[in-house]
Every structure is written in C-alpha cells, then in structure tokens.
Amino acid sequence: YHEILTPNYSVGCKRRIYDKAWFPSLRDRRVTLTTLALTKVEENSLTLSPGPKTHASERMAGTVDVPADVIVLANGFAVHNWFHPLKVIGRDKTTLQEAFETRGGPQLYRATALDGFPNLFILFGPNSFTGHSSVILGLENQINHAIKLMRPVLRGDVTTIEVKRDATLAYTKQIQKDLNNMVWNSSHCSSWYKNGNGKNFVSYPYSMIWHTLQFWFPTWAHWNVEFTQQGEARRWRKRRARMLLFLIIGFITLIAKFRSIRSLRLIMLSIRSLQLVK
C-alpha cells in the first residue's frame with residue numbers, strides 16, 4: 001500500500017491520523033486497502049470498479065466483487081448542508097438554508113449570527129475552528145460572545161439585536177480571502193473542508209489566541225440594536241455618568257497642571273534669587 005498511502009499534497013491539507021494502530025492494521029491479512037470506487041451493493045456482496053479518484057496503481061484492476069456480511073458506510077463528513085433538517089425562519093420568512101444559497105454558501109458573522117435573523121445565536125457555525133486546536137475553547141469563546149450580546153435582551157433593555165448585513169459580508173469575504181493562503185484550500189487535494197465549488201466553509205484561518213481576543217470583545221458597531229424605554233433610560237444614565245466622570249478627570253487634570261506650573265514658577269524664582277545673592 002506504499003503508493004496509495006504516500007500523499008502528493010502538503011501536510012494538513014487533509015485531516016491527519018493520530019493513531020498508532022493505523023499502520024499495523026494494514027498488515028492484517030483480513031484487511032485490504034483500495035481506492036477503487038463502490039459501484040454496486042447487493043444482498044451479500046458489493047462491487048468495486050476504477051473511478052475518477054482511483055490511484056494509478058489500481059486503474060487496471062477491473063471490476064472486483066467482494067463478499068460481505070456487514071457493510072459499514074464511513075466515507076467522510078457531510079458538513080456543508082448546515083443545520084439540516086432544522087428549519088430556522090428569519091424576519092423575511094427566509095430560512096437559513098435559503099439565505100446561504102443566495103450568498104453562495106453557508107456564512108455567519110463570527111460563525112454565530114446572520115443578518116435577517118434577529119436574536120439568533122449559533123454555536124459551531126461555518127468557519128468556526130482551526131481543525132488542529134481545542135474545539136472546547138472555541139465553543140467557550142462563542143458562548144461568551146453570545147452571552148455578552150444577549151444580556152441586554154435578557155435584562156429587558158433591548159427588544160432585538162441583529163448583526164448588520166455589511167458586517168457579515170465583510171467578515172465572510174475576509175475569511176475566504178485568508179483561507180486561500182492556507183493549506184486547507186490547496187488545489188493538490190480534495191477534502192471535506194471544501195464544497196463542490198472549492199469554497200471552504202469549515203476552517204478558521206487564524207490562531208485560537210486571536211479567536212479568543214476577537215470573541216471576547218464584541219464590536220457593537222456591527223450590530224443593529226432596538227432599545228426599550230427601560231434600555232434608553234439606562235443608556236442615558238450611563239452616558240451622564242461617563243460625562244460626569246470625564247468632567248471630573250478633566251478638572252483634576254487642570255488642577256494638577258496648574259499646580260505643576262505654579263511649582264515650576266516658584267522653582268524659577270528661587271533660582272533667580274540665588275543668582276542675585278551670588
């Protein structure tokens with residue numbers, strides 16, 4: 001199996017196998033590794049034939065019938081049909097899937113929210129994690145981010161909070177642009193990271209340190225917020241408190257500056273007095 005197992009793509013393009021039993025298992029007489037395509041399944045057998053992804057060393061193998069008592073289907077992940085069969089309907093009576101289709105694929109602002117779907121926050125959305133770092137840390141970051149945005153709604157200060165369309169499109173555009181420089185989007189291999197159009201809506205192209213910082217501080221300018229009367233009152237009180245604080249700080253700064261100037265003048269007068277005495 002040396003030819004089949006030797007990759008012709010960069011490390012990380014496909015999910016790496018961290019299992020010390022993988023290679024020894026291939027020496028078992030009961031194991032046969034093949035790249036032939038499955039073409040037919042019958043009651044007690046299945047048929048394999050050369051296909052478009054068959055390795056060059058097996059293309060002349062012809063059709064092979066394999067007796068089978070049990071067939072286990074484990075040919076990868078279907079990750080691009082997000083949230084199926086869950087049907088989430090937005091403000092304009094559009095489902096999430098319909099919104100994704102009109103934009104060329106699944107996309108969420110910071111993998112958690114979409115314009116047109118107010119008060120909706122999602123975990124483990126498109127382009128959530130790196131694939132080689134902690135998923136738990138990423139989920140905690142998304143939860144913290146969502147809670148900070150939901151807290152005004154839960155407190156009764158806000159009726160709806162919705163990410164802006166421009167913010168969603170800009171975020172997705174930047175993500176896809178940076179992914180083109182990553183090994184996951186390499187043209188030398190196919191993987192379940194990419195959809196049929198070669199777009200990667202699975203991977204996150206930055207470090208988890210940046211992920212934590214990005215999700216820890218919500219960018220409120222990217223959100224449309226509708227306040228209740230209670231929320232407007234609380235907002236006004238906070239503004240007055242900030243203004244008062246700035247005035248106090250400014251007043252203290254002026255006093256300190258005035259005292260510094262006065263002290264400097266006294267020092268200069270003392271120096272002049274010493275010069276006159278001399």
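Couple of notes before you dig in:
- Cross-link reach list, lysines versus K164, counting only Cα pairs under 27 Å and skipping chain neighbours closer than eight places: K87, K93, K148, K173, K177, K194, K199, K238
- In the chain, the calculated helix contribution to ellipticity at 222 nm averages -13000 deg cm²/dmol per residue, counting -39,500 (n - 2.57) for every DSSP H run with n ≥ 4.
- GNM result for the chain, Cα springs below 10 Å: residue of G138, G105, G250 fluctuating most strongly: G250
- Compactness of segment 2-67, taken as the C-alpha radius of gyration over 2.2 N^0.38 Å, stands at 1.30.
- Cα lying deepest toward the dipole's positive end in the chain, options T95, G196, I248, charges on Cβ: I248
- Largest mean-square fluctuation among A111, A146, A68, in a Gaussian network model of the chain whose springs join Cα atoms under 10 Å apart, belongs to A68.
- Taking the Cα centre of segment 1-97 as origin and assigning +1 to Lys and Arg Cβ atoms and -1 to Asp and Glu Cβ atoms, the resulting dipole is close to 520 debye.
- Counting every pair of alpha carbons in segment 96-231, the share spaced more than 24 Å apart comes to 31 percent.
- Note on percent of Cα pairs over 35 Å apart: of the candidates [x] 20; [y] 47; [z] 14, the value calculated from this structure sits at [y].
- The ranking of E226, E58 by Cβ neighbour count inside 10 Å, starting from the fewest, reads E226, E58.
- Dipole check for the chain: with +1 at the C-beta of Lys and Arg, -1 at the C-beta of Asp and Glu, and the Cα centre as origin, the magnitude is about 2560 Debye.
- Given charges at Cβ of Lys, Arg, Asp, Glu: segment 2-67 dipole, positive-most of P7, M60, V31: P7
- Candidates Q97, Q229, Q107, ranked by Gaussian network fluctuation over the chain, Cα under 10 Å, top entry: Q229
- For segment 96-231, a simple Cβ point-charge model (Lys and Arg +1, Asp and Glu -1, everything else neutral) yields a dipole of about 220 debye relative to the Cα centre.
Just so you know, all these numbers are worked out from the coordinates, no wet-lab data involved. None of these values were measured; they are calculated from a predicted model. Reconstructed Cβ throughout: ideal geometry from the backbone, glycine too, with neighbour counts over all protein chains shown.
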